[in-house]
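Worksheet: the structure to be examined is printed underneath.
The values are calculated or read from the model by the stated rules, or taken from the named source; none is laboratory data. It should be emphasised that the depicted structure is a prediction, and the values quoted were computed from it without experimental measurement. A quick note on method: Cβ atoms are made from the backbone with ideal geometry, for glycine too, and the neighbour counts reach across all protein chains shown. Surface accessibility is based on the protein's heavy atoms, side chains included, excluding ligands, DNA and RNA. Shrake-Rupley method; radii C 1.70, N 1.55, O 1.52, S 1.80 Å.
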Amino acid sequence: MPLHQLDEIITGRRSQPHQLIEVLHDIQGKYSYISREDMQLVSQTLGVPEIEVYRVASFYKAFRLKPTGKIVLTICMGTACHVRGSHLILDQAVGQLGVPPGEVTSDGLFSIEQVNCLGACALGPIVKENEIYHHHMTPGKLRRLIDTIRRREMEGK
Ligand code: FES
């Protein structure tokens, strides 16, 4: 991230060390993940030891420390979705995309994430395509969704 953009984020947070989590949240909101360089800049600017910045960023599962694909498929593995077969949904995603959760496909298009609840338990299994919720998901529906996204992206839509 360019330094002036980090300055904007931190200035907005009044440069207080206790604002570390909020600053990391803002960085991720803007860039989708928090890079090593971002953590170093945050450390220097807030006056928080780099190890502490890393500890906080890696402790909270909500923070991503690696880049994501353009499309993040977030698969709910919470209890309500699990009993309706979310593990089969995850198997479909991993098998079709050829990457485990947390990795990015070689074309940079997809990555898979797992979460414990997306707050729509009655409609599970739930898969989120970036910010779009897909409910009552099945392996077949997910296969078609991934194919549709690929076609859409290849056509530049
Ligand atoms: S357990 Fe999947 S949405 Fe709550």
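Residues considered: Leu97, Leu90. Of these, the only one that is farther than 30 Å from Ile21 by Cβ, crowded, with 17+ Cβ neighbours inside 10 Å and touching a strand residue (DSSP E or B) at 6+ places or on another chain (Cβ under 9 Å) is Leu97. Close contacts from region 134-149, counting a first residue that is under 13 Å from Cys76 (Cα atoms) and a second that is open to solvent by 50 Å² or more (accessible area, probe 1.4 Å), with Cβ to Cβ under 7 Å and a gap of 6+ residues or different chains, come to His135/Leu123; His136/Leu123.
Within region 116-137, if we keep just the residues that are outside any loop (DSSP other than H, G, I, E, B) and open to solvent by 40 Å² or more (accessible area, probe 1.4 Å), the residue that is nearest to Ala80 (Cα to Cα) turns out to be Cys121.
A single member of Gly156, Gly140, Gly102 is surrounded by fewer than 14 Cβ atoms within 10 Å (Cβ to Cβ) and under 25 Å from Leu65 (Cα atoms), and it is Gly102. Restricting Val42, Val48 to those that are more than 11 Å from the chain's Cα centre (by Cα), part of a loop (DSSP other than H, G, I, E, B) and either in the same structural domain as Leu88 (by TED's automatic domain parsing) or surrounded by 18 or more Cβ atoms within 10 Å (Cβ to Cβ) (or both) reduces the list to Val48. For region 76-84, the criterion of a residue being at pLDDT 95 or above, open to solvent by less than 60 Å² (accessible area, probe 1.4 Å) and away from the ligand (no atom under 12 Å from the Cβ) is satisfied by no position.
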